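Beneath this line is the structure, given in structure tokens, with notes to follow.
Since every read-out is calculated from the coordinates, none of them should be taken as a lab result. From a predicted model like this one, the values you see are computed outputs, not experimental measurements. Note that we place each Cβ from the backbone using ideal geometry, even for glycine, and neighbour counts take in every protein chain shown.
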Amino acid sequence: MKTKTLRILLIVIGIILIIFIGYHLYLEYQSDIQLFFNPKASRQQLMESIRSHGFSSALILSLLMGIMCAVPGIPTSIIGVLVGLSFGPLIGTLINVFGNTCGNILSIFLMQHLKLFDHSKKNNRWVRAIRRMRHPKIGLMIGYMVPIIPSSVINFAATTLNLQIREILLSIILGVIPSSLLYACGGEALFHGYSKMAMGLVASVLILTILIVVIYMDHRKRHLE
């Protein structure tokens, strides 16, 4: 099977899994949704219902986040915020880290064993930048921290490096902690009705990310000159 055809097939399978798991997530949160649209329901009832979710909801959210993370181009931020809304900042961060880590490991595993990309992908500027670093595992960690860099690109870079699985795993975990914490705190802010604070947290990270990329590109340009 051709590489492009296999890649498309896996993406389609991933989307089907996302829809399937998403439906079960809807069933878990059906009562919360009904309370949200019920004008007679109090805010206290809604808050108690949202925070009543347990292991099954956490498992479904983790699975959904992992699959979404493994499929290129699908953001996990909404699920990350929902996790924080349901479980608070501490447990929410742990669930987000677990889901993102599993998704990236799955993506790396598939890339290594199914050859989803050809060698021309090594010419990607982010892949080249990481491969040329003295400590590429730090480059991987930074790559996972920056939301605007596709995780599929960073995962491919990981497959081209001579790193042990525990080194890649550590880079992923440390790299996804900031965004996982951010989304969990954003969900906590929404839970307490601080919608402006939640939006401010997300905007701050986006601005910081853009600044990091601009500084890196400027530094790279000066280095080449």
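Could you please state, rounded to a whole Å, how far the C-alpha centre of segment 169-188 is from the C-alpha centre of segment 84-100?
Spelled out, the Cα-based centre of one part sits 8 Å from the other.
Normalized C-alpha radius of gyration of segment 54-93, against 2.2 N^0.38 Å?
Rg over 2.2 N^0.38 Å, computed on Cα atoms: 1.12.
With the crude spin-label approximation of a point 7 Å out along Cα→Cβ, what separation in nm comes out for T5 versus I91?
4.7 nm
Please report, in Å, the Rg and the Dmax of segment 1-40, where both are computed over Cα atoms only.
According to the Cα coordinates of segment 1-40, Rg and Dmax are 16.9, 57 Å.
In nm, to one decimal, how far is the modelled label at Q112 from the one at F20, with both set 7 Å along Cα→Cβ?
Using points 7 Å along Cα→Cβ, the separation is 2.5 nm.
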